[in-house]
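Notes follow the structure.
The values are calculated or read from the model by the stated rules, or taken from the named source; none is laboratory data. Quick caveat: nothing in here was measured; it's all calculated off a predicted structure. Every residue, glycine among them, receives a Cβ derived from its backbone with ideal geometry; neighbour counts consider all protein chains shown.
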Amino acid sequence: MLSLIRFCETYYHAPFGQIAINVIPPALRSPTKRIKPRPSREINTEPRAIAIGPTLNAEQQHAVTAITNAHDKYAAFLLEGITGSGKTEVYLSAIAATLTRGDQALVLVPEINLTPAFLKHVSARFPNHRIAPAHSGMAAIARLNAWRDAQRGDADIVVGTRLSVFTPMPRLRLIVVDEEHDQSFKQQEGVRYSARDVAVFRASELKCPIVLGSATPAIETLDNAARQRFTHLKLTARAVTNAELPSVKFIHLDSEKSPHGLTGSMIDAIKATISRGEQAMIFINRRGYAPALVCATCGWMPECKRCSARMVFHRAIGKLKCHHCGAERRAPTVCEHCGSTDLNPVGQGSERIEDALHEAIPGARIARVDRDSTRRKGSAEKIFADTANGDVDILVGTQMLAKGHDFPKLTMVGVVNADGAVFSADFRAAERMAQQLMQVAGRAGRAALPGRVLIQTRFVEHPVYQAVATHQYAQFVHAALAERRVMNLPPYSYLALLKVEAKDIAKLDKFCETAQQLAAPHAKKFAVRVWEPVASTLARKAGYSRKQLMVQSNKRSALQKFLSAWITEIRQSDARQIKWVIDVDPVEV
């Protein structure tokens, strides 16, 4: 674990102590009472039963053979498999071979809500092995016990979110990163590390194989495979016999109205689906009832007093919420600017889509999955279990539904309000949009029943939508790489951001100006470009004004040398009442 902390200290330029305190379980950081250690069980070296999994197809077997043959050396594998191709079975077979040798395996998943499903797969396959979950949603003592089980070698398999990459495991010989493209693997607060990249470093240190799995790999990962840094394994067919990728059709919003977020064609398709005893999913990546309340008289819209963002209307609780800082207040009944009572919700969120479905399809069993509806412990798992048991007709939700779920009777997916990503200034926005839509589309028709995807949009010809319609992610990536080569963007260059926050805008500007001046001589020495300070995408958050400086280099080593020299000088400058952090390899620019 010490080598991982040192790596993060050097590569991400974060203080050693800050990293160390974060990788230790909370119960060990400042225990208020003596924690009684749970006795260790004697490690059983006898062979233990492993349940027999389904017969692998030729592509799956080839992947498993390649991974298991590398058990005694470092090897990085990109397992690219279309949705429903059986990547999980490849993971489980590779884990089985690892356990048979008496070794441990670590599995990383991007989000807490994906751990129960994966734990279910692992527990069913390895009923006589100890499996340790590891994520921030666990009680402190449970998390500590799991950490100690792994540390002592009692736990054979650890399944967890990004922080579990630091879990001490004395016999670790296989690492799996599922949905490796997911930006949730990049820590956005505190130490800005990528759990995926730290996992690759850990595998190289341990000289063991690592598997990076995805239906839509990150462009940088595909580039690493193209440069033969990673071995590229492919699964091109769905694992269930006769299961095909879903058909994808568009509903033109220019020719069909959607007053409550759903067109008549979308509602008709949902009705037809559930009338056959099948299930439908509606994906909208925005929670709440509506993204804004608007005065019809003067156009006033409530904004967060602490952030440069509008407050989102949550009708079910009669409140406005800021989805950036968490501030909330009672929804107004009159305009605070002109006094008019004509306030209308504008736009759609998951809550409004749920209401529209109840109105359009009375009697349908509808479940909503977003951060608001699943706050209570176990609520998400119950919804997913009800869906798998056939007790839900329509699922409505956000990105929590986009990946990792397998519902055999779910045959239709509707996508609502996805056009916003088309206009993002972030050069990775199109990549994220393609990944998300292909993952969502992949929830349909995963068993023998054919699947169907309907997308409401005004931009049918957009390259992302065309890639989704033809299931040609590789074609999209090829075009995106060509654009990035011309613009000299990653993976053809390397980036870092200096992110700065302050309550006093004048002090913020002064600090950014000083940082830019300090950078100049080092930028010249190491052939690094330092861009002008600009306001962050969210210019104000929780009462702090925010800016960032981007640093760009054609060589990773030059960028690292520049950052070391620059940060040393920044730390010696006047940074009173200033918050600043370095973000290496940022996922959002």
Filter result (part of a loop (DSSP other than H, G, I, E, B) and farther than 16 Å from residue 156 by Cα) within region 49-70: 52, 53, 54, 55, 56, 57, 70
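For residue 430, are the conditions met, namely being small (Gly, Ala, Ser), touching a residue at least 24 places away in the same chain (Cβ under 8 Å) and more than 16 Å from residue 270 (Cα to Cα)?
Values: small (Gly, Ala, Ser): yes; touching a residue at least 24 places away in the same chain (Cβ under 8 Å): yes; more than 16 Å from residue 270 (Cα to Cα): yes.
Answer is yes for this residue.
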Selection from region 535-564 of residues surrounded by 16 or more Cβ atoms within 10 Å (Cβ to Cβ) and in contact with a His (Cβ under 7 Å, 6 or more places away or on another chain) yields 541, 562, 563
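Return a yes/no flag: does region 421-432 have any residue that is buried (at least 17 other Cβ atoms within 10 Å of the Cβ), aliphatic (A, V, I, L, M) and not in a helix (DSSP H, G or I). Give the derivation first.
Applying the first criterion (buried (at least 17 other Cβ atoms within 10 Å of the Cβ)) to region 421-432 yields 421, 428-432.
Within this subset, residues satisfying the condition of being aliphatic (A, V, I, L, M) are 421, 429-430.
Within this subset, residues satisfying the condition of being not in a helix (DSSP H, G or I) are none.
Looking for residues that are buried (at least 17 other Cβ atoms within 10 Å of the Cβ), aliphatic (A, V, I, L, M) and not in a helix (DSSP H, G or I), one finds none in region 421-432, hence no.
Of the residues 64, 107, which single one is under 25 Å from the mean Cα position of the chain (by Cα) and assigned by TED's automatic domain parsing to the domain that holds residue 170?
Details: 64 fails: under 25 Å from the mean Cα position of the chain (by Cα).
So the residue among 64, 107 that is under 25 Å from the mean Cα position of the chain (by Cα) and assigned by TED's automatic domain parsing to the domain that holds residue 170 is 107.
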Between 288, 339, which is on the phi > 0 side of the Ramachandran plot and modelled with pLDDT of 95 or more? 339
Across region 347-392, what is the number of residues that are part of a loop (DSSP other than H, G, I, E, B), touching a Gly at 6+ places or on another chain (Cβ under 9 Å) and either under 15 Å from residue 406 (Cα atoms) or without any contact (Cβ under 8 Å) to a residue 40 or more places away in the chain (or both)? 2
Could you please find all residues in region 118-148 being in contact (Cβ under 8 Å) with a residue 24 or more places away in the chain, surrounded by fewer than 22 Cβ atoms within 10 Å (Cβ to Cβ) and over 21 Å from residue 51 (Cβ atoms)? 135, 136, 137, 140, 141, 144, 145, 148
Select from region 520-568 the residues that are of a type outside the set (A, V, I, L, M, F, W, C) and part of a loop (DSSP other than H, G, I, E, B) and list them in ascending order. 532, 533, 543, 554, 555
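Could you check how many residues of region 167-196 are within 22 Å of residue 404 (Cα to Cα), among the charged types (D, E, K, R) and crowded, with 22+ Cβ neighbours inside 10 Å? Outline the logic, then answer.
Going through region 167-196, the residues within 22 Å of residue 404 (Cα to Cα) turn out to be 174-187, 194-196.
Going one step further and asking which of them are among the charged types (D, E, K, R), we end up with 178-180, 182, 186, 196.
Filter once more, keeping what is crowded, with 22+ Cβ neighbours inside 10 Å: 178-180, 182, 196.
Matching residues across region 167-196 total 5.
Condition check ((1) farther than 26 Å from residue 386 by Cα; (2) of a type in the set (Ser, Thr, Tyr); (3) part of a loop (DSSP other than H, G, I, E, B)) across all residues:
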residue	(1), (2), (3)
243	no, no, yes
262	no, no, yes
270	no, no, no
288	no, no, yes
294	yes, no, no
306	yes, no, yes
320	yes, no, no
332	yes, no, yes
345	yes, no, no
When residues of region 232-246 are filtered for being loosely packed, with under 15 Cβ neighbours inside 10 Å and either modelled with pLDDT under 90 or over 25 Å from the mean Cα position of the chain (by Cα) (or both), how many remain? 3
Every pair of residues 6+ apart whose Cβ atoms lie under 7 Å, when the first sits in region 514-535 and is at negative phi while the second is part of a loop (DSSP other than H, G, I, E, B) and not hydrophobic (A, V, I, L, M, F, W, C): 514/573; 516/533; 518/573
Looking only at residues that are surrounded by fewer than 11 Cβ atoms within 10 Å (Cβ to Cβ) and either closer than 27 Å to residue 245 by Cβ or in contact with a Ser or Thr (Cβ under 9 Å, 6 or more places away or on another chain) (or both) in region 25-83, which one is modelled with the highest pLDDT? 58
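In the set 508, 449, which member is crowded, with 16+ Cβ neighbours inside 10 Å and assigned to a helix (DSSP H, G or I)? Please lay out each step first, then the result.
Details: 449 fails: assigned to a helix (DSSP H, G or I).
Only one candidate qualifies: 508.
One line per residue, one yes/no per condition, for (1) crowded, with 21+ Cβ neighbours inside 10 Å; (2) under 30 Å from residue 138 (Cβ atoms):
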| residue | (1), (2) |
| --- | --- |
| 341 | no, no |
| 344 | no, no |
| 350 | yes, yes |
| 357 | yes, no |
| 365 | no, no |
| 370 | yes, yes |
| 373 | yes, yes |
| 379 | no, yes |
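Looking at the structure I just gave you, is residue 437 buried (at least 23 other Cβ atoms within 10 Å of the Cβ), at pLDDT 90 or above, part of a helix (DSSP H, G or I) and touching a helix residue (DSSP H, G or I) at 6+ places or on another chain (Cβ under 8 Å)?
Working: buried (at least 23 other Cβ atoms within 10 Å of the Cβ): yes; at pLDDT 90 or above: yes; part of a helix (DSSP H, G or I): yes; touching a helix residue (DSSP H, G or I) at 6+ places or on another chain (Cβ under 8 Å): yes.
So residue 437 passes the test.
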Considering every residue within region 454-461, establish whether at least one is surrounded by fewer than 17 Cβ atoms within 10 Å (Cβ to Cβ) and either of a type in the set (Lys, Arg) or free of Cβ contacts under 8 Å to residues at least 24 places away in the same chain (or both). yes
Can you give me the number of residues within region 303-326 that are free of Cβ contacts under 8 Å to residues at least 24 places away in the same chain and either under 24 Å from the mean Cα position of the chain (by Cα) or within 22 Å of residue 538 (Cβ to Cβ) (or both)? 8
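Can residue 152 be described as surrounded by fewer than 22 Cβ atoms within 10 Å (Cβ to Cβ), among the charged types (D, E, K, R) and out of contact with any strand residue (DSSP E or B) (no Cβ under 6 Å at 6 or more places or on another chain)? Please lay out each step first, then the result.
On the way: surrounded by fewer than 22 Cβ atoms within 10 Å (Cβ to Cβ): yes; among the charged types (D, E, K, R): yes; out of contact with any strand residue (DSSP E or B) (no Cβ under 6 Å at 6 or more places or on another chain): yes.
When the stated conditions are applied, residue 152 passes them.
What is the residue count in region 126-156 for residues that are in a helix (DSSP H, G or I) and closer than 24 Å to residue 185 by Cβ? Spell out the reasoning first.
Just the residues of region 126-156 that are in a helix (DSSP H, G or I), to begin with: 140-152.
Right, trim to closer than 24 Å to residue 185 by Cβ and you get 140, 142-144, 146-147, 149-151.
Final tally of qualifying residues: 9.
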Could you grab me the full set of residues in region 92-123 that are part of a helix (DSSP H, G or I) and closer than 26 Å to residue 376 by Cα? 112, 113, 114, 115, 116, 117, 118, 119, 120, 121, 122, 123
Unique residue being in a loop (DSSP other than H, G, I, E, B), under 14 Å from the mean Cα position of the chain (by Cα) and at pLDDT 95 or above when the list is 217, 168: 217
Given (1) more than 20 Å from the chain's Cα centre (by Cα); (2) part of a strand (DSSP E or B); (3) not assigned by TED's automatic domain parsing to the domain that holds residue 527, index of the condition residue 396 fails: (1)
Only unsatisfied item for residue 407, checking (1) surrounded by fewer than 17 Cβ atoms within 10 Å (Cβ to Cβ); (2) under 18 Å from residue 281 (Cβ atoms); (3) touching a strand residue (DSSP E or B) at 6+ places or on another chain (Cβ under 9 Å), is (1)
From 316, 296, residue being in contact with a helix residue (DSSP H, G or I) (Cβ under 8 Å, 6 or more places away or on another chain) and surrounded by fewer than 16 Cβ atoms within 10 Å (Cβ to Cβ): 316
